[in-house]
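The values are calculated or read from the model by the stated rules, or taken from the named source; none is laboratory data. The structure presented is a predicted model; accordingly, all values stated were derived computationally and were not measured. Counting neighbours? That spans all protein chains shown, and the Cβs are built from the backbone with ideal geometry, glycine included.
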């Protein structure tokens, strides 16, 4: 076993490290994240505010903050672009993805959606995010193949898949938004989801969890907005 | 000239790349960030949602997302720790700092403070963040010298200074909280602020801008909470 992931049994922010570890053919297991919340985490090597936490079994150290976990695993398991600016851009794309997670859940559920604010999010912010992703990724992706940074899969492709593949599956009404504003990225995500280990994992996860996205009141609020729009 | 920084004339999130560039003795100038907002940024190489943007003059490319800028500059100008896990921990500390900025401004001013929520933030979340920083940094910092990762200054020390040095100066009422929950980090911040180029810059900035922190309605809301607590 290489790693232990502390996260809830939902795709949301957890599928970022999961898909990366699957792509890199790493062995990982999962544990209940509540044992590492804030004060409790002060006892470990690498304390933090909230899950996901990655535990590096060989190193016996913890790391939280999803984008930091992606960079740690990406460097260690050769999923970073080579060029220094591209590395920073891969990191920036992961941060952008994390911002979309924050926005769609109104800062991890700190408030619920109103119809007016949901409309602004869906037709302004979310489409802007998609256009940003499409604009950055068009450098590497030709019509039917390639990755954000040319011929090599990196954390950027995995982060975009963990964000947008999950939204496409769990909130299928938003698939059209993705296809409209980020058509090449949308196809990239489909290709990444077909990679063997990722495909097998997603099949199992989706069979088990159905459409569950982030769970909780905020997921109900998102679904209510989509249903009554 | 090495870089151009697009950010408002306030310390808040801008002092992170500023202090790093000062420490690395880089030449940089500043520009109005509003020309790069969202839709407008789609025309540039490296589009994003919001400032700060760093323009690499030699490369003719842009990069936004503060933690990505810190990592880009940190790698390029030798301000990263050597060990791979420590590198990831330096990313994580920068992300933690960015989360504190989000929390103290209630997600970049998306809502204003209430007294009850401010109290929870100040006496629970903020002290937890400080304890996390103190717990991570105690490895490298002895009583009166050293850095988060031993004998070498890194982006982690600069990020902590840009976060906590700015709060100490602009919101001096919170200095006691910092000293109480993160005494070693508090001294680290004082030492970093005394480094020659950083010292000269902060002297000028503070003379010019006084106590201005992030500006806007949310800064008034923070000050109202502190004054009437």
> Restricting the search to the stretch B:32-54, which residues are crowded, with 22+ Cβ neighbours inside 10 Å and more than 7 Å from chain A (Cβ to nearest Cβ)?
Replying inline: B:36, B:41, B:51, B:52, B:53, B:54
>> Just checking, does the stretch B:140-150 include any residue being crowded, with 17+ Cβ neighbours inside 10 Å, under 20 Å from residue B:182 (Cα atoms) and in contact with a strand residue (DSSP E or B) (Cβ under 6 Å, 6 or more places away or on another chain)?
In response: yes
> Among the residues of the stretch A:51-76 satisfying the criterion of being within 21 Å of residue B:148 (Cβ to Cβ) and in a loop (DSSP other than H, G, I, E, B), which is nearest to the chain's Cα centre (by Cα)?
Replying inline: A:65
>> So if I check each of B:226, B:218, B:198, B:178, which one is crowded, with 22+ Cβ neighbours inside 10 Å and in contact with a helix residue (DSSP H, G or I) (Cβ under 7 Å, 6 or more places away or on another chain)?
In response: B:178
> Looking at (1) at the interface with chain B (Cβ under 9 Å from one of its Cβ atoms); (2) over 15 Å from residue A:167 (Cβ atoms), which is the one condition that is false for residue A:129?
Replying inline: (2)
>> I want to confirm something. Restricting to the stretch A:94-104 and keeping residues that are more than 16 Å from residue B:111 (Cα to Cα) and within 12 Å of another protein chain (Cβ to nearest Cβ), which single residue is surrounded by the most Cβ atoms within 10 Å (Cβ to Cβ)?
In response: A:94
> Which ones in the stretch B:132-150 are within 12 Å of chain A (Cβ to nearest Cβ) and either in contact (Cβ under 8 Å) with a residue 24 or more places away in the chain or within 21 Å of residue B:18 (Cα to Cα) (or both)?
Replying inline: B:132, B:133, B:134, B:136, B:137, B:138
> Would it be correct to say that residue A:117 is under 20 Å from residue B:102 (Cα atoms), within 11 Å of chain B (Cβ to nearest Cβ) and either free of Cβ contacts under 8 Å to residues at least 24 places away in the same chain or outside any helix (DSSP H, G or I) (or both)?
Replying inline: yes
> For the stretch B:1-23, which residues satisfy the criterion of being under 18 Å from residue B:93 (Cβ atoms) and not in a helix (DSSP H, G or I)?
Replying inline: B:12, B:13
> Just one of the numbered conditions (1) surrounded by fewer than 17 Cβ atoms within 10 Å (Cβ to Cβ); (2) over 18 Å from residue A:85 (Cβ atoms) is not true of residue B:78; which one?
Replying inline: (2)
> Can you name every residue in the stretch B:110-120 that is at pLDDT 95 or above and surrounded by fewer than 19 Cβ atoms within 10 Å (Cβ to Cβ)?
Replying inline: B:112, B:114, B:115, B:116, B:117, B:119, B:120
> Can you tell which of B:107, B:91 is part of a helix (DSSP H, G or I), at pLDDT below 95, at the interface with chain A (Cβ under 9 Å from one of its Cβ atoms) and surrounded by 15 or more Cβ atoms within 10 Å (Cβ to Cβ)?
Replying inline: B:107
> Of all helices (runs of 4 or more DSSP H) completely enclosed by the stretch A:151-229, which ones contain at least 1 residues that are under 15 Å from the mean Cα position of the chain (by Cα) and touching a residue at least 60 places away in the same chain (Cβ under 8 Å)?
Replying inline: A:155-160, A:166-170, A:183-193, A:196-209
> Quick one: which of B:23, B:29 is under 24 Å from residue B:205 (Cβ atoms), at pLDDT 95 or above, surrounded by fewer than 20 Cβ atoms within 10 Å (Cβ to Cβ) and not assigned by TED's automatic domain parsing to the domain that holds residue B:164?
Replying inline: B:29
> Which one is farthest from residue A:41 (Cα to Cα) among residues in the stretch A:77-88 that are facing chain B (nearest Cβ under 9 Å) and out of contact with any strand residue (DSSP E or B) (no Cβ under 9 Å at 6 or more places or on another chain)?
Replying inline: A:84
> What number goes with the only condition from (1) buried (at least 24 other Cβ atoms within 10 Å of the Cβ); (2) under 16 Å from residue B:2 (Cα atoms); (3) more than 8 Å from chain A (Cβ to nearest Cβ) that residue B:57 does not pass?
Replying inline: (1)
>> Among (1) in a loop (DSSP other than H, G, I, E, B); (2) touching a residue at least 24 places away in the same chain (Cβ under 8 Å); (3) over 18 Å from the mean Cα position of the chain (by Cα), there is one condition residue B:46 misses while meeting the rest; what is its number?
In response: (2)
